[in-house]
Amino acid sequence: MLPAFSSGHRETARVLAQKVREFVDEIIIPNEPQLSRPGAQALQLQSDLALEARQAGLYGLFYPLSHGGKIASLEDYLLVAEQEGRTEFSQAIFASHTALDAHMLSRFGNAIIRQQFLQPMANGEALPCYGMTEPGQSGSIPGLITTTAHLSNGRWHVNGRKWFISNADRATFMTVLARTAGKETALDHALSMIIVPADTPGFRVERQLMMMGHACGQGEVSLADVQVPEHYLIGVCGGGLELMNKRLGLGRLLRAMNWIGLARRCMDLMGGRVHSTRGKLGLLVEKQLVRQHFFNTYQAIAGARELVRIAARGVDAQCPDEIAINVAKMAASRALCIASDSAMQLYGAEGLSDLTPLYGIHRIARTSRILDGNDESLISSVGRRLISHYEHHTVYPFD
């Protein structure tokens, strides 16, 4: 589990948050037009900015402390993650998109895994990806996993297909969720997580998947009799379902923190629009519906921040609450949807164009209702758990 925080760590997080804010506003945001263009030039610029972030001591801030991280608790990281999240390009530049893999490998990987995969990640020399969802199957139903792995002569033989994999085209290794036991075995003992280096024979990136007409680094990968050493297993054989749930919980909160940052960026853009020359000519500050956009945006962001903070505090205390995590994820998603939509309304046609970052943010807002668990699945899961609680209790313990 993540270590508990202290007041000293909180102060460190506040200092780092300010430094990240300055880096984002002064270095990344001015380069957003170039970073948004597809092609090798944008990737090189992203790599150059990542090197600048490393030199500034802002790279991998939420990595495990043993591997260069500087923030000890998830609740403290919220302060920094919001500032990282102010631009959609910061995850790769600050390596915040690989913090989840870093914690999973640190906690559940053996010594060889930590040396061969985690340490190179911390050095900026390796990039992970995660293969769970499969073509034709719902990513939220692990019982439908058809990718298989069997052990023979000290090697795992992996066969299957995965898609909607972030960083698939650039990753140096993949953590694969595979079935390692037959269907007669209970699901909580049937799945395992295995590391597969991307240069292993049989590992193939089949195609890049466009999302809302944009290349978002999502891909489809096939694994044809891919063979890796037995010790590339993460955790224990058959423990994949438990690891998947731990990964989902932490991953949802990390994404939610970044979404709140994007929502705050939208609100700041709204403020700039209202007080701009054009906004003053249009008397936007006097219009009641404009005020309502600000109210709705602030309310959504403030509520989501506290829900994320509560859920993060539970993770830090080694008592993760699935209800709190799922509700926080949805609250952050909704806050981003409200904020991006409100900002686009205030900017009008300009907000629909590439003259502002709002179209890209709006695209992320829409995908946030599906990625890491769609709204309908999470609502159903939370509702079922809440109803089940009242089978044995008359009061729900919000505290």
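List of remarks:
- Residue among R278, R207, R265 that is outside the structural domain of I370 (by TED's automatic domain parsing) and of a type in the set (K, R): R207
- A95 being out of contact with any Ser or Thr (no Cβ under 8 Å at 6 or more places or on another chain) and surrounded by fewer than 24 Cβ atoms within 10 Å (Cβ to Cβ): no
- Residue list for the range 327-366, restricted to those being free of Cβ contacts under 8 Å to residues at least 24 places away in the same chain and either of a type in the set (A, V, I, L, M) or part of a helix (DSSP H, G or I) (or both): M344, A349, E350, G351, L352, L355, Y359, H362
- Only one of Y63, Y77 that is at pLDDT 95 or above, under 30 Å from I113 (Cα atoms), out of contact with any Cys (no Cβ under 8 Å at 6 or more places or on another chain) and outside any helix (DSSP H, G or I): Y63
- Within the range 342-357, considering residues that are within 13 Å of T297 (Cβ to Cβ) and in contact with a Ser or Thr (Cβ under 9 Å, 6 or more places away or on another chain), the one surrounded by the most Cβ atoms within 10 Å (Cβ to Cβ): A343
- Scanning the range 67-103 for residues that are within 12 Å of M257 (Cβ to Cβ) and charged (D, E, K, R) yields E75, D76, E82, E84, R86.
Yes or no, residue by residue, for (1) within 30 Å of M267 (Cβ to Cβ); (2) of a type in the set (S, T, N, Q); (3) assigned by TED's automatic domain parsing to the domain that holds G251; (4) surrounded by 23 or more Cβ atoms within 10 Å (Cβ to Cβ):
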position	(1), (2), (3), (4)
Y77	yes, no, no, yes
A81	yes, no, no, yes
A102	no, no, no, yes
G154	no, no, no, no
G160	no, no, no, no
N167	yes, yes, no, no
T172	no, yes, no, no
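- Residues being within 27 Å of H157 (Cα to Cα) and part of a strand (DSSP E or B) - total across the range 197-216: 8
This table checks each residue for (1) out of contact with any strand residue (DSSP E or B) (no Cβ under 9 Å at 6 or more places or on another chain); (2) within 29 Å of N123 (Cα to Cα).
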residue: R170; (1), (2): no, yes
residue: A186; (1), (2): yes, no
residue: R204; (1), (2): no, yes
residue: A224; (1), (2): no, no
residue: P229; (1), (2): no, yes
residue: L233; (1), (2): no, yes
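- Pair list, Cβ under 6 Å, 6 or more apart: the range 201-230 residue closer than 11 Å to D169 by Cβ, other residue part of a loop (DSSP other than H, G, I, E, B) and hydrophobic (A, V, I, L, M, F, W, C): V205/A168; G219/A168; V221/A168
- Restricted to strands (runs of 3 or more DSSP E) entirely inside the range 126-196, those with at least 1 residues that are touching a residue at least 12 places away in the same chain (Cβ under 8 Å) and within 24 Å of the chain's Cα centre (by Cα) are 128-131, 155-166, 173-179.
- Pairs are defined by a Cβ separation below 8 Å, a sequence spacing of at least 6 or placement on different chains, a first member in the range 299-312 that is touching a residue at least 60 places away in the same chain (Cβ under 8 Å), and a second member that is of a type in the set (S, T, N, Q); the pairs so defined are A312/S73.
- When Q119, Q83 are screened for being assigned to a helix (DSSP H, G or I) and over 19 Å from the mean Cα position of the chain (by Cα), only Q119 passes.
- As a summary of the residue check, Q218 satisfies the conditions (1) in the same structural domain as E350 (by TED's automatic domain parsing); (2) within 23 Å of the chain's Cα centre (by Cα) except for the one numbered (1).
- Residue within the range 253-266 that is exposed (fewer than 15 other Cβ atoms within 10 Å of the Cβ) and either under 29 Å from E306 (Cβ atoms) or out of contact with any helix residue (DSSP H, G or I) (no Cβ under 7 Å at 6 or more places or on another chain) (or both) present: no
- Within the set A302, A324, the sole residue that is assigned to a helix (DSSP H, G or I), surrounded by fewer than 16 Cβ atoms within 10 Å (Cβ to Cβ) and under 24 Å from the mean Cα position of the chain (by Cα) turns out to be A302.
Rundown of residues vs (1) touching a His at 6+ places or on another chain (Cβ under 8 Å); (2) basic (K, R); (3) surrounded by 14 or more Cβ atoms within 10 Å (Cβ to Cβ), yes/no style:
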position: K183; (1), (2), (3): no, yes, no
position: L187; (1), (2), (3): no, no, yes
position: V196; (1), (2), (3): no, no, yes
position: G213; (1), (2), (3): no, no, no
position: D225; (1), (2), (3): yes, no, no
position: H231; (1), (2), (3): no, no, yes
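- A search for C-beta distances below 9 Å between a residue of the range 371-399 that is touching a residue at least 60 places away in the same chain (Cβ under 8 Å) and closer than 29 Å to G217 by Cβ and any residue that is among the β-branched types (V, I, T) and exposed (fewer than 14 other Cβ atoms within 10 Å of the Cβ), counting only pairs 6+ apart in sequence or on different chains, returns S377/I141.
The values are calculated or read from the model by the stated rules, or taken from the named source; none is laboratory data. All of these numbers come straight from a predicted model, not from anything done at the bench. All Cβ positions, glycine included, derive from the backbone under ideal geometry; neighbour counts span all protein chains shown.
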